[in-house]
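*Asks:* Mind looking over this structure? Questions follow.
All of the numbers you see were taken from the coordinates with simple rules; none came from a lab. Owing to the predicted nature of the structure, the values given are computational and were not obtained by experimental measurement. Here the Cβ positions follow ideal geometry from the backbone for every residue, glycine too, while neighbour counts run over all protein chains shown.
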Amino acid sequence: MNLLEVKNLKTYFYSDAGVNKAVNDISFEIPKGKTVCIVGESGSGKSITSLSIMGLIDEPGKIVGGEIIFEGIDFLKLKENEMRKVRGRDVSMIFQEPMTSLNPSYTVGYQIDEALKLHQKHLSKKERFEKVVDSLDLVGIPDPREKYGEYPFKLSGGQRQRVMIAIAMACEPKLLIADEPTTALDVTIQAQVLDLMNILQEKKGTSILFITHDLGVVSKVADEVIVMYKGHIVEKASAKELFTDPRHPYTKALLHSIPTPGITKRKAKLDTVDDSVDYLSFPKEIR
Amino acid sequence: MSDVVFKINNLKKYYEISLGLFKKPKIIKAVNDISFEVKKGEILSIVGESGCGKSTTAKLMLKIEEPTDGTILFEGKDITKIEGEELREYRKKVQIIFQDPYSSLNPRWKVGEIIGEPLKLNTKMSDKEIKERVLYLMEKVGMLPEWYTRYPHQFSGGQRQRIGIARALALNPEVIVCDEPVSALDVSIQAQVLNLLLDLQKEFNLTYIFISHDLSVVEHISDRIVVMYFGDIVENADVDTIFTHPKHDYTKKLINAIPVIEY
């Protein structure tokens, strides 16, 4: 059962220099309760794909074609005020930078409460407070009751990212989009945050769209993997297939360019993605 | 011993943080009594998480910061005391490659000027000789000669890092401190820069002090690894020992936290 189906999505950016086809006719599905990873380098269109789903593409960008079907509803046909109800309630997003995505002048609790205020109007103030405390507890913030009134600057990077996750999960969305949620974090904190996302998914059955360029992270979280290159999907496969039997030359180059303890030979030359190769000339590998 | 380039003894760096006029300042022990050696021609990595003191250690070795206590012997001489001409000589021998190739290059300067600046300041070479040397360095780091007159913004992150590397090489240094040189780069570009660093090390017989939080990269490139945790060195051993028989709990925790591809 698919929660989200993206069909022939095209998102272009217009400038004096011409048209940049950031997302150029891509299609994929996100099954219920599963994690789909999009991997690719900067400029591959992976973040633009996630922003297109959230309806956050702004001038000079434009979605010029395709469908984004979420439980039978095409997001691209919704009006802005209808889309606003979807965001935060059905689909929510965690951003890369925990240091800058929180508002420094509001308490942590207030910022989580905001999502509830907007989308769960039937709750009383007291109920909302308890819910916020529960969500802080769920993401593993110690002393959640005291932390409710804390300002973001008092929290470490890992804790801030947990707060971001708590905001995103507050209304129990069906789809969580995580755009490089651990890139700015230390490895041990990254491991904690990834574990947390896995646990939340198990508990709540949330589908996750995970954007990353770190293939190690992909192997920890993904059920399905989409490899993007210059606005196109060049390979789509289950995580196991992708790592054991990568088929597209670009995927292979990407996999072999990463130093991996125990696999790549120490101090040996790493393979690189070759700028002179036109990877789009190879057939797409979609399984 | 002649093959020891750096010998660091009981190095300490404390920062005082004022908590208000009548309160006692809080003391942050960024580097708390560490000792280690760097051998000639080796790649020594200093690893740890944010705030562990790895960058402070590098800054002390580069004499960007003054230590609170302790000595740093470079080829037998304590560099914590040197100044003037001696310091100039030291700075020629120990160079740095910075983490962020976007903010560490002057956007108003052409590539040729950026790479040639250390030569202009520190040698008596003529303009023509400097240009020749810059073009030679550009070739060594894999840049085309026609890029000499381009500006940094015309390059991608990986190419910019090459500019930084060429500049660090300009004065024929003995030691290069690499402060997270690939962590701002895409994985595919990261591989190119790591390959380049390894090639150059062999060709010019360089010693690298490699500061990083990425253990997969460190495993690939290092001979020896120093693990830092809250200002202390918790483990110092060759790369094999660290990865196959880590002794300290923190080292084990770090290694287990690396997301490795396992199928």
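*Asks:* When region A:249-258 is examined, which residues are found to be facing chain B (nearest Cβ under 10 Å) and either in a strand (DSSP E or B) or surrounded by fewer than 21 Cβ atoms within 10 Å (Cβ to Cβ) (or both)? Break it down stepwise before answering.
*Replies:* Just the residues of region A:249-258 that are facing chain B (nearest Cβ under 10 Å), to begin with: A:250, A:253-258.
Answer for region A:249-258, where residues must be facing chain B (nearest Cβ under 10 Å) and either in a strand (DSSP E or B) or surrounded by fewer than 21 Cβ atoms within 10 Å (Cβ to Cβ) (or both): A:Ala253, A:Leu255, A:His256.
*Asks:* Taking region A:264-276 on its own, how many of its residues are within 8 Å of chain B (Cβ to nearest Cβ) and either charged (D, E, K, R) or touching a residue at least 24 places away in the same chain (Cβ under 8 Å) (or both)? Let's see the steps before the verdict.
*Replies:* First pass over region A:264-276, keeping only residues within 8 Å of chain B (Cβ to nearest Cβ): A:264, A:266-267, A:269-273.
From what's left, either charged (D, E, K, R) or touching a residue at least 24 places away in the same chain (Cβ under 8 Å) (or both): A:266-267, A:269, A:271, A:273.
Residues that pass the stated criteria total 5.
*Asks:* Would you say A:Ser47 is within 14 Å of chain B (Cβ to nearest Cβ), touching a strand residue (DSSP E or B) at 6+ places or on another chain (Cβ under 7 Å) and polar (S, T, N, Q)?
*Replies:* Values: within 14 Å of chain B (Cβ to nearest Cβ): yes; touching a strand residue (DSSP E or B) at 6+ places or on another chain (Cβ under 7 Å): yes; polar (S, T, N, Q): yes.
Criteria met by A:Ser47.
*Asks:* Determine, yes or no, whether B:Leu135 is out of contact with any Cys (no Cβ under 8 Å at 6 or more places or on another chain), in contact (Cβ under 8 Å) with a residue 12 or more places away in the chain, assigned to a helix (DSSP H, G or I) and within 26 Å of B:Val182 (Cβ to Cβ). Explain how you work it out, then say what you get.
*Replies:* Values: out of contact with any Cys (no Cβ under 8 Å at 6 or more places or on another chain): yes; in contact (Cβ under 8 Å) with a residue 12 or more places away in the chain: yes; assigned to a helix (DSSP H, G or I): yes; within 26 Å of B:Val182 (Cβ to Cβ): yes.
For B:Leu135, the condition - out of contact with any Cys (no Cβ under 8 Å at 6 or more places or on another chain), in contact (Cβ under 8 Å) with a residue 12 or more places away in the chain, assigned to a helix (DSSP H, G or I) and within 26 Å of B:Val182 (Cβ to Cβ) - is met.
*Asks:* For B:Pro181, which of the numbered conditions (1) within 13 Å of chain A (Cβ to nearest Cβ); (2) in contact with a strand residue (DSSP E or B) (Cβ under 8 Å, 6 or more places away or on another chain); (3) buried (at least 18 other Cβ atoms within 10 Å of the Cβ) fails to hold?
*Replies:* (1)
*Asks:* Further, regarding this structure: Could you say which residue among A:Pro261, A:Pro246, A:Pro283 is under 24 Å from the mean Cα position of the chain (by Cα), surrounded by fewer than 22 Cβ atoms within 10 Å (Cβ to Cβ) and either more than 13 Å from every other protein chain (Cβ to nearest Cβ) or assigned to a loop (DSSP other than H, G, I, E, B) (or both)?
*Replies:* On the way: A:Pro261 fails: under 24 Å from the mean Cα position of the chain (by Cα); A:Pro283 fails: under 24 Å from the mean Cα position of the chain (by Cα).
Of A:Pro261, A:Pro246, A:Pro283, the one residue that is under 24 Å from the mean Cα position of the chain (by Cα), surrounded by fewer than 22 Cβ atoms within 10 Å (Cβ to Cβ) and either more than 13 Å from every other protein chain (Cβ to nearest Cβ) or assigned to a loop (DSSP other than H, G, I, E, B) (or both) is A:Pro246.
*Asks:* Follow-up. Identify the single condition in (1) more than 9 Å from every other protein chain (Cβ to nearest Cβ); (2) acidic (Asp, Glu); (3) closer than 20 Å to B:Lys40 by Cα that B:Asp232 does not satisfy, given that it satisfies every other one.
*Replies:* (3)
*Asks:* Out of curiosity, is B:Leu87 in contact (Cβ under 8 Å) with a residue 60 or more places away in the chain and farther than 13 Å from B:Ile163 by Cα?
*Replies:* no
*Asks:* Right, another one. List the helices (runs of 4 or more DSSP H) inside region A:94-157, counting only whole elements, that have at least 2 residues being touching a residue at least 40 places away in the same chain (Cβ under 8 Å) and buried (at least 18 other Cβ atoms within 10 Å of the Cβ).
*Replies:* Values: elements: A:108-119, A:125-138, A:144-147.
Ranges flagged: A:108-119.
*Asks:* Could you look through region B:191-208, keep only residues that are among the polar types (S, T, N, Q) and away from chain A (no Cβ under 13 Å), and pick out the one that is surrounded by the most Cβ atoms within 10 Å (Cβ to Cβ)? I'd like the intermediate steps shown before the answer.
*Replies:* Taking region B:191-208 as the starting set, the residues that turn out to be among the polar types (S, T, N, Q) are B:192, B:195, B:201, B:205, B:207.
The next check asks that each one be away from chain A (no Cβ under 13 Å); those that pass are B:205, B:207.
Details: B:Asn205: 10, B:Thr207: 20.
Ranking the qualifying residues of region B:191-208, first place goes to B:Thr207.
*Asks:* Could you list all residues from region A:223-243 that are farther than 18 Å from B:Ser188 by Cβ and outside any strand (DSSP E or B)? It would help to see each step written out before you state the result.
*Replies:* So in region A:223-243, the residues farther than 18 Å from B:Ser188 by Cβ come out as A:223-224, A:236-241.
Within region A:223-243, A:Asp223, A:Ala239, A:Lys240, A:Glu241 meet the criteria.
*Asks:* Which count do you get for residues in region A:175-217 that are more than 14 Å from chain B (Cβ to nearest Cβ), surrounded by 21 or more Cβ atoms within 10 Å (Cβ to Cβ) and not hydrophobic (A, V, I, L, M, F, W, C)?
*Replies:* Total satisfying the criteria: 3.
*Asks:* A follow-up question, please. Given the criteria at positive phi, among the small types (Gly, Ala, Ser) and surrounded by 22 or more Cβ atoms within 10 Å (Cβ to Cβ), does A:Gly231 qualify?
*Replies:* Details: at positive phi: yes; among the small types (Gly, Ala, Ser): yes; surrounded by 22 or more Cβ atoms within 10 Å (Cβ to Cβ): yes.
The answer is yes for A:Gly231.
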